[in-house]
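One structure is given here, and the rest of the page talks about it.
A short reminder: the numbers here are calculations on the coordinates, not readings from a lab. All values derive from a computational prediction rather than experimental measurement. Backbone-built Cβ (ideal geometry, glycine too); neighbour counts: all protein chains shown.
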Amino acid sequence: MNTNFLDALKQRRTIYNLGKNVTLPETDINHLIKSAIRESPTAFNNQTLRAVILYGKKHDQLWDIVANRLKSEVPTEEIYAGTKQKVDSFKAGFGTILYFTDQSVVADYEKQVPLYATNFEAWAEQGLGGAQQNVWTALSENKIGASLQHYNPLIDGEVRIAFDIPTNWVLRAQMPFGSIEAPAVAKTYLEDDKRFRVLNKLYLSILNFLMGMFFYKFKFIVKSQ
Ligand SMILES: Cc1cc2nc3c(=O)[nH]c(=O)nc-3n(C[C@H](O)[C@H](O)[C@H](O)COP(=O)(O)O)c2cc1C
């Protein structure tokens, strides 16, 4: 059994201690990010995800926006000190990916495919989740750590102005990335028997087959009446 992909999944973790000691050139990082997003599936291949990659002063600007915005939300100076420390740990990274959903595409598909209209919003989120995790894993494969943050919608207005974001792009997540300055904390897992069911007993297969036959016949009888 080939477990290369599983090994890569296992290696990807949430890394909070980020630094700027990244040796991979920006062009290669951009290639990884764009390719991972491009190859990630979306419902009807509608490609609702948009991404903006920030480096240097633009990356700093984002985390300054977050820090300033949170200042007016956090009740005390004491709590803010902790918040600021957290935000600074993201700023200490090498870059940030902003993830957006193009709502005009979602709305188009809701109109074009009315049968599934109520699904396109959720499907855009599912596509986004898959793509984010592919990017995260692709970065991790190249020894670049990352985490996933959600300061939207608090920062939406300022981000739109600062980075000239089209009005139909809705901010969904921020992924700061950089060199891995400290490993992730140990991860716990729910017991498999609470999480998975594998149905492979012969009698269950026979039962499934008989039920299938019954419903097929029933459908046929109803149709022919
Ligand atoms: C949909 C989603 C939303 C998340 N939101 C946040 C977040 O806002 N802030 C954060 O620090 N981590 C966030 N995380 C990271 C999770 O806390 C983390 O993935 C989880 O604890 C498992 O740890 P691991 O990434 O090291 O495997 C999010 C992860 C997912 C998949």
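Label separation (Lys143 vs Phe163): 2.7 nm, computed from points 7 Å beyond Cα along the C-beta direction.
For the pair Val74 and Gln112 in one chain, pulling the backbone fully straight at 0.36 nm per residue adds 9.4 nm over the alpha carbon distance. By other beta-carbon atoms within 10 Å, ranking Lys84, Lys143 with the fewest at the front produces Lys143, Lys84. For the stretch 116-155, the equivalent ellipsoid derived from the alpha-carbon gyration tensor has semi-axes of 25, 16, 4 Å in decreasing order. Using equal-weight Cα scatterers in the Debye expression, the normalised intensity of the stretch 1-63 in log10 at q = 0.24, 0.26 Å⁻¹ is -1.26, -1.25. This ranking places Ser205, Ser40, Ser72 by how few other beta-carbon atoms lie within 10 Å of each, fewest first, which gives Ser72, Ser205, Ser40.
Computed over the chain with a Gaussian network model linking Cα atoms closer than 10 Å, the most mobile of Ile144, Ile65, Ile37 is Ile65.
Volume per residue for the stretch 1-118 equals 188 cubic angstrom (convex hull of Cα atoms). For the stretch 105-171, a Kirkwood radius taken over Cα pairs fed into Stokes-Einstein (10 °C, viscosity 1.306 mPa s) yields D = 111 µm²/s. Panel note: the C-alpha atoms of the chain, placed on their principal axes, show extents of 72, 44, 41 Å (largest first).
In the chain, the calculated helix contribution to ellipticity at 222 nm averages -16500 deg cm²/dmol per residue, counting -39,500 (n - 2.57) for every DSSP H run with n ≥ 4. Against the longest principal axis of the chain, how steep is helix 120-141, in degrees 0 to 90 to the nearest 10, with axes from Cα atoms? Orientation of helix 120-141: about 60 degrees from the principal axis. Considering the stretch 140-211 at the alpha-carbon level, its Rg and Dmax are found to be 22.7, 62 Å.
Applying a DSSP loop filter and a limit of 13 other Cβ atoms within 10 Å to the chymotrypsin sites (Phe, Trp or Tyr not before Pro) in the stretch 158-196 leaves Tyr189, Phe196. For the stretch 12-180, lysine pairs with C-alpha atoms less than 24 angstrom apart, excluding pairs fewer than eight positions apart on the same chain, total 26.
Backbone phi angles across the stretch 21-36, fed through the Karplus curve with coefficients 6.51, -1.76 and 1.60 (θ = phi - 60°), yield HN-Hα couplings of 7, 9, 9, 5, x, 4, 4, 5, 4, 4, 4, 4, 5, 5, 5, 4 Hz in residue order; Gly and Pro are listed as x. Of the residues Ala162, Ala173, Ala138, the one that moves most in a GNM of the chain with alpha-carbon contacts below 10 Å is Ala162. Look at Leu204, Leu98, Leu148 and count the other Cβ atoms within 10 Å of each Cβ; fewest to most, that gives Leu204, Leu148, Leu98. The long axis of helix 56-71 is offset from the longest Cα principal axis of the chain by roughly 80 degrees.
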